[in-house]
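One structure is given here, and the rest of the page talks about it.
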């Protein structure tokens, strides 16, 4: 079995040695890269983290309006990741150690050791035969400087150079480092066997198309590195990554609606390229998949891949994990291709998110947009179930611990201890964009200094800011704040803010985390922040003077939900609260710091990268087996021969039969059935002639309706309103199972919501039952609009009334609102318990029931099937038969394809057995 790990970028890429340039090595990577990347030269005007400062009060590099094209082959933040040797790679590579793209070097396609890109950016409108107006608009945007199209012309000589140049495989400087480290850690610990990466090289490849070089590169990566290379055109990748991913998906997933003209003008065109790249990944996986292999797709770049693979490989075991936040349905629904993206993800057997909040948002969004039934475990689609889990990724403590022992780290710790002797250090390392909240952090720090003059001269904020590939007004704003703070309180020996618009070496990074008194993270929205994990690990006291520093963490990071309030949680927009948190962190007693750190450290050690990887794979195996077992094509047909044999060798039999769609053909519960078909009544009466048989009919209808329908079938037990009312065999009275007071309580809340949507849906109606409410819209004047209103209504109720133990279920033409605690399953369990209590087993019978048959056709019957099967598995009941009439996946052990007539024929045949 092989695990295919599909991520946009491969862990390896290719560098070429061109004529006239010094040779950089042989074809394969003979040597490991240096343990720590060389630090780029620092301009004289740039404040240094480790050199004496003399009243530096101006920010480095006055911001300009100069714009650099976005490099599509960098990581999420437009930043290139610092790479370490495979043996020493740590999770600091992701979110914890990112190096900025070298702004003095060429961008994508401009590297001297890689081909030039042929993509024009933005994508030309002509790709979709856009009208002339749209084409003219695109030209205008280009003239205004909003976009900078690249020339597609590349000389033949350029292609010939790369087609024959020497090349070597090297570690890639972009991609999801946390995923790589987690896979390596799982493999190191024996939790992962054979695995193959699927991804792109992270460089333009048009110049290599059709050459032997391309084939050689593909073969070398496959045979020596277990990596399948996805080749897509430069045009496709640029449209996919630079435009759809970075200008549409990334902002929306981080609660920033892309409302600028550039995003809207090219959305349709970049979507085409997004589809093309996803299809290229799917084709590569399908081509290499063998039965038993596992496919694990990662992140928002490849949302369509699961469904694309599912279409070609219906039996494949597919997992998907989203490494960024998932927004609320109100934000996600703004996407023009929202349904396609959700349906693409739902091709997986298991979908994973970092925290519960993101998983809940996804379930609510699917319920609202796709009208899918959301449960706590996942989504019930028409033909199958998709499980949804939340599993936070973490760091690799083993690898991180090895790095901390390096002499280079200890050297920098000594330098910083001397440089900042007697000072409290607050450290921060963020990408300089609106999502990370650097501006909010600096303003909060300025407010702290204003409110607490006693701390001036005694505290330093070290802010490492990783520059983006695109200039923005945020650069100037942050630099102005730094200038203002430093000019207000700096002197010859003190600078309150050390602001570095560049990354630092990995050894310096670890040293900084080890000696810090506090780490401050004020992200406005973030999936996980592994810098906080690394900080806590580096504060263990082994080489950090036993500081156990405080963690100031934004409540809007995924990490915040893991720490149980032991961090100092802040709202980045509440500057006063952030300033107070700084004061609390600095003045906290040693005992409290020790207690908080111990609990945080425990959480970090539990949620490791290896644990995340192995846990997801384990859950994928479990849910795949369960889903495969429930698949309608895997469930055998009901065998009448086997059924009669089971019936004959038992003499204490319990039948629980659904009504609508099982014993009668009428379905809609709001239509009154004048009489039950005579054949149904005759079959039930014939079965009840045998006193060893007990029969209950379950329905969603009211008690009085069932009384009228079955008045000619004495000794028949009834379950009304899906388990809220129960009438025992031979009894004339109904027992109300549900709590009447609780029902009245939630009905008042739900009815007001239903009325709100009723007023906006002409032709719809509300049916008020004793224990449930139904919003019917099948007769609405505009069915499409009504269906959308119904989806919103169900989502609204599930959000607002969750605490009242009630849920809304979207059904065909209606939304059913009913209590969670009383179902057909709870009624069936009550019936069985009463039989156990009323019948004493004798020497011959160890159970009051030795034959149990459950027949149903609806989704609400599945819980009864599952309960009945459990009785058979633990031998509580000797013979258990569960039968489904639907064509969807089911918990039943058998199916009947003949519908109602098949059920009646089977029951009649049993009744004829003496």
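Residue by residue through the range 877-913, note down the ones that are outside any strand (DSSP E or B) and within 15 Å of residue 656 (Cβ to Cβ). Residues satisfying the conditions are 877, 885, 891, 892, 893, 903, 906, 907, 910.
Across the range 615-631, not a single residue is classified as farther than 30 Å from residue 349 by Cα and in contact (Cβ under 8 Å) with a residue 24 or more places away in the chain.
For the subset of the range 787-809 comprising residues that are out of contact with any helix residue (DSSP H, G or I) (no Cβ under 9 Å at 6 or more places or on another chain) and either within 25 Å of residue 737 (Cβ to Cβ) or surrounded by 23 or more Cβ atoms within 10 Å (Cβ to Cβ) (or both), which member is modelled with the lowest pLDDT? Looking at the filtered set, the residue picked out is 802. For the range 569-589, the condition of being assigned by TED's automatic domain parsing to the domain that holds residue 447, touching a strand residue (DSSP E or B) at 6+ places or on another chain (Cβ under 7 Å) and at pLDDT below 90 holds for none of the residues.
Return a yes/no flag: does the range 335-342 have any residue that is surrounded by fewer than 23 Cβ atoms within 10 Å (Cβ to Cβ), without any contact (Cβ under 8 Å) to a residue 12 or more places away in the chain and farther than 24 Å from residue 613 by Cβ. So far as the range 335-342 goes, no, none of its residues is surrounded by fewer than 23 Cβ atoms within 10 Å (Cβ to Cβ), without any contact (Cβ under 8 Å) to a residue 12 or more places away in the chain and farther than 24 Å from residue 613 by Cβ. Among the residues of the range 724-732, is there at least one that is touching a helix residue (DSSP H, G or I) at 6+ places or on another chain (Cβ under 6 Å) and within 28 Å of residue 684 (Cα to Cα)? Looking for residues that are touching a helix residue (DSSP H, G or I) at 6+ places or on another chain (Cβ under 6 Å) and within 28 Å of residue 684 (Cα to Cα), one finds at least one in the range 724-732, hence yes.
Considering only the range 495-513, I want to know if a residue exists there that is under 18 Å from residue 604 (Cα atoms) and either crowded, with 18+ Cβ neighbours inside 10 Å or free of Cβ contacts under 8 Å to residues at least 24 places away in the same chain (or both). Yes, there is a match, as at least one residue in the range 495-513 is under 18 Å from residue 604 (Cα atoms) and either crowded, with 18+ Cβ neighbours inside 10 Å or free of Cβ contacts under 8 Å to residues at least 24 places away in the same chain (or both).
Here the condition is being buried (at least 21 other Cβ atoms within 10 Å of the Cβ) and in a helix (DSSP H, G or I); of 618, 600, it holds for 600 alone.
When residues in the range 863-885 are screened for being over 19 Å from residue 679 (Cα atoms) and touching a strand residue (DSSP E or B) at 6+ places or on another chain (Cβ under 8 Å), 14 of them pass. The number of residues in the range 741-777 that are part of a loop (DSSP other than H, G, I, E, B) and either closer than 15 Å to residue 795 by Cα or out of contact with any strand residue (DSSP E or B) (no Cβ under 7 Å at 6 or more places or on another chain) (or both) comes to 7.
For the range 764-779, the criterion of being exposed (fewer than 13 other Cβ atoms within 10 Å of the Cβ), over 30 Å from residue 694 (Cβ atoms) and touching a helix residue (DSSP H, G or I) at 6+ places or on another chain (Cβ under 8 Å) is satisfied by at least one residue.
Please work out if residue 202 is part of a loop (DSSP other than H, G, I, E, B), surrounded by fewer than 16 Cβ atoms within 10 Å (Cβ to Cβ) and in contact (Cβ under 8 Å) with a residue 24 or more places away in the chain. Answer is no for this residue.
Meeting the requirement of 1 or more residues that are over 26 Å from the mean Cα position of the chain (by Cα), the helices (runs of 4 or more DSSP H) wholly within the range 345-454 are 397-404, 407-419, 438-451.
The values are calculated or read from the model by the stated rules, or taken from the named source; none is laboratory data. From a predicted model like this one, the values you see are computed outputs, not experimental measurements. Here Cβ is always computed from backbone atoms with ideal geometry, including for glycine, and neighbour counts include all displayed protein chains.
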